[in-house]
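Bear in mind these aren't lab numbers, they're just calculated from the coordinates by the rules spelled out. What you are looking at is a predicted structure, and each value in this text was computed from that prediction instead of being measured. Positions of Cβ are generated from backbone atoms using ideal geometry, with glycine treated the same way; all protein chains shown enter the neighbour counts.
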Amino acid sequence: MKDIILKAENISKQYRLGTVGTGTLSHDLNRWWHKIRGKEDPYLKIGETNDRSTKGNSDYVWALQDINFEVQRGEVLGIIGKNGAGKSTLLKILSKVTAPTTGSIKSKGRIASLLEVGTGFNGELTGRENVYLNGAILGMTKKEITQKLDEIIAFSGCERYIDTPVKRYSSGMTVRLAFAVAAFLEPEILVIDEVLAVGDAEFQKKAIGKMQDISKGEGRTVLFVSHNMAAVKSLCTRGIVMLHGRVVFEGGIDEVVDLYLNSNQAIDETQLQNVGFFDFSKNPNKKYKEGGILSVEIFCEGKRTNSLLTGKNVEFHFAFSNPVKYKEPVLGIVIKDDEDLPILGLNNRNTGDSLKHKESEGIIKLCFPVFRLIKSKNYKVDIYYGDEENNVDIIFEAFHFNVLKDLDTRKPIQERLNYFYDSEINFK
């Protein structure tokens, strides 16, 4: 059973541009009139996507739209995306700093947040007083806070200034103390925005180490937003990519970061929607422009992707259109490594599978119940399709994929060799 500690369901957030609050007096009255009649908020039907680089026509903008995800206990979730993608707004809703326009957040336990420098701190109070204030907000008793106080002060490195008002702290000192409070007062969920960048290299290293201890050693949950991909990759186990207020991709952290970096920080929504899908209709290497193999979709553990994991269930779904009637259609592929060396060649005949697809169009599935290839950045695939009596459709370097997880190299060499050669492959 999954131990879900945090769940976001259909979260959306709408703002009105150019004004303080959500709308004008006339709009608020209109909302109230619809509400007492049991009708939907009329302004939920308007508004534009949150694209800060373009000028819109509406006064309303959707900072977030239809956000859905789950976080398990002990998981570290990385949230990445361009500036203005909606990351900070999402964290503010998760931290209950602001309320969603629609949707709900379900959580188990206390949530501590560090959203910007000085979050929850009163500048007139001393560092020590702010520790007690934040602890009380988190529901800690004075006795519990006192027991943790020495650890908090030591970790922050602000012992000399702990009885000085926080308004006299530098931004680096403030974030040191704020992080120490959030981490050591034992919340079940720790939410951290891009504030660690304010600290120096030594503190960032300490903070990441502490977050790893929190998640792995203490089984607590961390939500981490950062533009530092090295930190995200070293800390997080899973990630989501946000664009224009939407979650456009979710997966393992290696896959998410590779996708983000390979797009040169300028992620295109269409590109993300097409992850794991390759259309050959305009491929210059395709022998036949009409018919043959039209496209392929790649699935790993049931999710469409072009970043695969060794040892998992992988399927390639080939869409075909037969220009002529094939008697015994054959589909074959050759997989080459990043140096163009063929490492695997197979077709449905040498796997013992007879393709029943003699109709004019359909899908052929190539299934690997346990995928055997080792970690590599860029595998390329050639495709052959046809029969002995008809010309074969050939597409050189039709598509590519990555393998992100390697075999356990600690196993004996013979066991690793058996892993490759004792393989089940079938065509459907």
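Of the peptides 79-86, 232-239, the ranking by mean beta-carbon count within 10 Å, highest at the top, reads 79-86, 232-239. Using Cβ point charges alone (K and R +1, D and E -1), the dipole size of the range 147-209 about the Cα centre works out to roughly 240 debye. Computed from backbone phi with θ = phi - 60° and the Karplus coefficients 6.51, -1.76 and 1.60, the 3J(HN,Hα) list for the range 221-227 is 9, 10, 10, 10, 10, 7, 9 Hz; x is used for glycine and proline. Taken over the alpha carbons of the range 63-124 as equal point scatterers, the Debye sum produces base-10 log I(q)/I(0) values at 0.26 Å⁻¹ of -1.46.
In this structure, the residue pairs whose Cα-Cα separation is over 32 Å, taken from LYS87/LYS205; LYS106/LYS142; LYS216/LYS336; LYS35/LYS303; LYS87/LYS210; LYS206/LYS380, are LYS216/LYS336; LYS35/LYS303; LYS206/LYS380.
Across the range 233-240, coupling constants 3J(HN,Hα) worked out from phi with the 6.51/-1.76/1.60 Karplus curve, θ = phi - 60°, read 5, 6, 9, 8, 9, 8, x, 10 Hz, and Gly and Pro carry x.
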